[in-house]
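To keep things clear, I will list the structure first and then write my remarks on it.
The values are calculated or read from the model by the stated rules, or taken from the named source; none is laboratory data. These numbers come from a predicted model, not from an experiment. Cβ placement follows ideal geometry from the backbone for every residue including glycine, while neighbour counts extend to all protein chains displayed.
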Amino acid sequence: MSLIQSSPLLRNALALDAAACAGLGLMLAAAAGPLAAPLGLPAEFLRGAGLVLLPCAALLGWFAGRKSLPRLAVCAVIGVNLLWIADSIAILLMGWFAPTGFGIAFVLAQAAAVAIVTELEVIGFKRSDAALPSGDAAALR
C-alpha cells in the first residue's frame, strides 16, 4: 500500500471538508421538511443527501487527524468530491427536480464550496511526501 505523509494543507483541507459535510449533513437531515418547499427539492432527497454526508464527515475527520494516509484514500476523497460536483450540476440540468431560484442558488453554492475544498485537497495532496516505512528520508536518494 502506497502511503503519503499528509501535508498540513491536506490535513486542514480534509478537516474543512469534514466540517462542511457535518454541517450540511446535519442541516439537510434535520430540516429537510422545512427546506423542501423553499428549495423546490423533495424532502426525502434532501434528508437522504444529509444522511449520506454524516458518515463521510466522520471518515474525513479521521483522515484529517492522520499524519500518513493511503494515497488511494486521498484520491478517493477527491474523486467523490468531483462526483458530488457533477451530480449537483446534473440535478439542475437533467430536469429530475424543479428547484426554485433559491434552490438553484443553493445547489450551485454548495457545489462551488465543494470545488474550492477539493482544489485545496489537490494542492495539499501535491505538497504531501511519500511516506517511508523507516521514516528515513535519505532512503529516497
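Here is a yes/no grid of residues against (1) among the small types (G, A, S); (2) within 18 Å of A109 (Cα to Cα):
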residue	(1), (2)
L16	no, yes
A20	yes, yes
G23	yes, yes
G48	yes, no
L54	no, no
W62	no, no
K67	no, no
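For segment 9-23, what are the residues that are aliphatic (A, V, I, L, M) and either over 12 Å from the mean Cα position of the chain (by Cα) or surrounded by 17 or more Cβ atoms within 10 Å (Cβ to Cβ) (or both)? Write out each step before concluding.
Of segment 9-23, the ones aliphatic (A, V, I, L, M) are 9-10, 13-16, 18-20, 22.
Once the filter is applied, which keeps residues that are aliphatic (A, V, I, L, M) and either over 12 Å from the mean Cα position of the chain (by Cα) or surrounded by 17 or more Cβ atoms within 10 Å (Cβ to Cβ) (or both), segment 9-23 yields L9, L10, A13, L14, L16, A18, A20, A22.
Within segment 58-108, count every residue that is over 22 Å from F45 (Cα atoms) and of a type in the set (S, T, N, Q).
Selection size over segment 58-108: 1.
Note down all Cβ pairs under 9 Å where the first residue falls in segment 25-49 and is free of Cβ contacts under 8 Å to residues at least 40 places away in the same chain and surrounded by fewer than 14 Cβ atoms within 10 Å (Cβ to Cβ), the second is among the basic types (K, R) and assigned to a helix (DSSP H, G or I), and they're at least six residues apart or on different chains.
That search, which allows pairs on different chains as well, returns A30/R47; G33/R47.
Of the residues that make up segment 91-108, is at least one under 14 Å from the mean Cα position of the chain (by Cα) and either under 26 Å from L9 (Cβ atoms) or at pLDDT 95 or above (or both)?
No, segment 91-108 has no match at all.
Name the helices (runs of 4 or more DSSP H) wholly inside segment 30-141 in which the number of residues that are within 30 Å of I4 (Cα to Cα) and among the aromatic types (F, W, Y) is 1 or more.
43-64, 71-93, 101-127
Mind checking which pairs have a first residue in segment 102-113 that is touching a residue at least 24 places away in the same chain (Cβ under 8 Å) and surrounded by 14 or more Cβ atoms within 10 Å (Cβ to Cβ) and a second that is outside any helix (DSSP H, G or I) and hydrophobic (A, V, I, L, M, F, W, C), Cβ under 6 Å, 6 or more apart or different chains?
Between residues of segment 102-113 that are touching a residue at least 24 places away in the same chain (Cβ under 8 Å) and surrounded by 14 or more Cβ atoms within 10 Å (Cβ to Cβ) and residues that are outside any helix (DSSP H, G or I) and hydrophobic (A, V, I, L, M, F, W, C), the close pairs are G103/L41.
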